[in-house]
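The values are calculated or read from the model by the stated rules, or taken from the named source; none is laboratory data. Predicted, not measured: the structure shown is a model, and the values here were computed from it. Neighbour counts are summed over all protein chains in view; Cβ atoms, including those assigned to glycine, are modelled from backbone coordinates with ideal geometry. Note: accessible area is taken over every heavy atom of the protein model, side chains too, but ligands, DNA and RNA are not part of it. Shrake-Rupley method; radii C 1.70, N 1.55, O 1.52, S 1.80 Å.
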Amino acid sequence: MLIKYEFLKILRKKATLMIMAASLLLTVFLFALPIMQYQTYDQNGVIKGTAGIAHVKEQNSALCHSLSEEYVTKTIGDVRRLFKDPKNVGYDGSERFLIGAAYWQHIAPREKLLDLIAKTYDRPGESSGYSKLADLKVKKGAAFYQAREQKIQALLNAPSHALSAEQKEYWRHKADKVAVPLRYGYYEGWEILLSSLELLIFAILAICVSIAPVFSGEYQAGTDAVILSGKHGKTKVITAKIIASFLFGLLSFTLHVLAALGLSLAAFGADGWNLPVQIANTSIPYPFTFLQAALVSLGVIYLILLAMISLTLLLSAKMKTPYLVLIVLVPVLFIPMFLMPSGTSGAYNLTLFLLPYRALMPEIGKYISYQIGGLVIDAFSARAMLYAVLTMIMLPFARRGFRKHQVG
């Protein structure tokens with residue numbers, strides 16, 4: 001009964017309802033932007049919005065194919081033959097490219113696939129595009145997966161990554177778990193969803209704002225004396241407040257997540273959920289499908305949410321008004337938004353990747369790892385462990401902070 005009472009106490013406040021309604025509308029708007037701004041091209045010009053999505057989906061439906069060595073070799077050979085006809089080739093002074101029917105009929109419908117193949121042969125930092133395929137010699141086969149292994153090895157040895165021998169071995173072992181040959185297909189919805197997850201930071205802020213008065217609101221209203229002098233004021237009431245805060249936060253956040261996922265997948269479709277994330281970039285080391293990548297990312301985000309709720313409760317128990325709580329919370333959540341990593345190694349970068357805003361980003365294409373002695377863990381594991389530990393540390397202090405509060 002106490003939990004129910006405290007839960008309804010949070011939910012029934014007009015300010016809470018207004019904040020959560022505004023937050024949900026903002027989430028819907030932000031996740032709708034990629035749909036409204038989506039555009040692609042055909043010979044007749046630009047195709048926008050849902051029409052553009054349908055056009056790309058139709059084109060990619062014909063590309064559901066295993067990227068076997070034979071298929072990649074044939075695909076590269078097809079592009080090379082197109083470049084051999086001078087009528088098909090344009091030149092801008094630095095790069096050759098296909099024009100006219102050669103481009104619109106043979107390249108445009110599968111340009112994303114061709115760029116994926118070409119990028120596998122690029123050196124780290126290069127991005128040549130499909131035109132690179134014209135220069136590849138494939139008489140003895142494309143050696144596509146050998147090129148992938150060489151690309152990954154080059155990335156691991158890049159001085160900018162500054163990886164230790166143990167970290168390189170960790171990433172090699174993880175990359176070796178990726179099943180080949182890769183299967184290609186349409187995955188637009190999942191790619192856009194994974195690249196938009198950091199937008200959920202506004203939902204986390206709204207939840208923290210809503211529960212900021214849980215303890216400090218009692219100080220402000222002068223009801224702390226009544227609660228703490230009651231029979232269960234220092235025990236069951238505090239527990240009920242904490243549980244109610246977590247229930248409110250989890251339910252509210254899940255509503256935001258369902259709105260975000262539902263909107264994206266309704267527009268782009270759920271196709272590609274079982275395809276490997278390597279079809280977006282073959283050097284991605286995680287052996288995930290798009291669905292697995294989304295679930296792991298959301299799992300970490302939920303742990304971040306729990307930690308931020310715990311921090312809010314701790315601050316609420318220590319500060320006299322909810323406004324002081326927000327003065328601390330807002331910088332914690334949003335200052336990292338304006339900080340950019342300069343690489344994937346070094347104390348600054350590794351710390352930045354663990355801060356709330358950056359930690360919402362999956363970063364599955366980056367070799368971000370943390371090492372303690374001989375133990376190496378990836379960014380997902382480091383974030384999950386950090387925010388789980390922070391939650392367990394802060395909650396007892398939040399409980400103790402309210403229980404030991406001196407009534408004025």
Kindly point out which whole DSSP H helices in the chain project their C-alpha atoms 30 angstrom or further along the helix axis while averaging a Kyte-Doolittle hydropathy of 0.0 or above.
14-36, 236-268, 290-318, 379-403
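Where does the range 73-189 land on Rg(C-alpha)/(2.2 N^0.38 Å)? The partial results should precede the final answer.
Values: Rg = 16.6 Å, N = 117, 2.2 N^0.38 = 13.4 Å.
This ratio for the range 73-189 stands at 1.23.
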Report in % the part of the accessible area of the range 1-61 that belongs to carbon and sulfur, leaving out ligands and nucleic acids; probe 1.4 Å.
66
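For the range 80-154, what % of the accessible area comes from carbon and sulfur atoms, probe 1.4 Å? Walk me through the numbers before you get to the answer.
Numbers: 2120 of 4360 Å².
Ligands and nucleic acids excluded, carbon and sulfur give 49 percent.
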With a bin width of 20 angstrom, please list the P(r) values of the chain as percents of all Cα-Cα pairs, from the 0 bin to the one holding the largest distance.
23, 46, 24, 6, 0
Report Leu136's accessible area, 1.4 Å probe, all protein chains in place, as a number in Å² to the nearest 10.
30
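Report D for the range 13-100 in µm² per second (integer): Stokes-Einstein, Kirkwood Rh on Cα pairs, 10 °C, 1.306 mPa s. Show your work: numbers first, answer last.
On the way: Rh = 17.6 Å.
After rounding, the answer is 90 µm²/s.
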Treat each spin label as a single point 7 Å out from the Cα along the C-beta direction, and report the Glu111 to Ala266 distance in nm.
3.0
At Leu295 and Ala21, where each label point lies 7 Å from the Cα along Cα→Cβ, what is the point-to-point distance in nanometres?
3.6
In nm, to one decimal, how far is the modelled label at Ile372 from the one at Ser94, with both set 7 Å along Cα→Cβ?
4.7
Listed residue pairs exceeding 31 Å between alpha carbons, taken from Lys87/Lys366; Lys13/Lys48; Lys57/Lys140; Lys74/Lys168; Lys48/Lys139; Lys74/Lys151
Lys87/Lys366; Lys13/Lys48; Lys57/Lys140; Lys74/Lys168; Lys48/Lys139
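Accessible area per residue for the chain in Å², computed with a 1.4 Å probe and the full protein assembly in place, what is it?
Numbers: 19560 Å² over 408 residues.
Per residue, the chain has an accessible area of 48 Å².
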Computed on Cα atoms only, the convex hull of the range 1-158 has an orientation-averaged projected area in nm² of 16.6
Cut-off 13 Å, label point 7 angstrom out along Cα-to-Cβ of Lys87: give me the residues of the range 123-138 whose amide nitrogen falls inside.
none
Correct semi-axes for the range 351-393, from √(5λ) of the alpha-carbon gyration tensor and rounded to whole Å with the largest first, are 16, 15, 8
The chain - charge dipole about Cα centre, Lys and Arg +1 at Cβ, Asp and Glu -1, debye rounded to 20:
1300
What does the extension gain come out to for Thr239 and Lys137, with contour length at 0.36 nm per residue minus their alpha carbon separation?
29.9 nm
What value, in deg cm²/dmol to 500, does the helix sum -39500 (n - 2.57) over DSSP H runs of n ≥ 4 give at 222 nm once divided by the residues of the chain?
-19500 deg cm²/dmol
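Between His65 and Trp104, 0.36 nm times their residue separation minus their Cα-Cα distance comes to what?
Numbers: separation 39, 0.36 × 39 = 14.04 nm, distance 2.07 nm.
Here the answer is 12.0 nm.
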Going by average Cβ neighbours within 10 Å, how do the peptides 87-98, 106-117, 298-309, 124-135 rank, with the highest at the top?
298-309, 106-117, 124-135, 87-98
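Take every Cα-Cα pair in the range 270-317 and report what % of them are more than 16 Å apart. Display every interim value, and only then the final one.
Numbers: 602 of 1128 pairs.
So the pairs more than 16 Å apart make up 53 percent of the total in the range 270-317.
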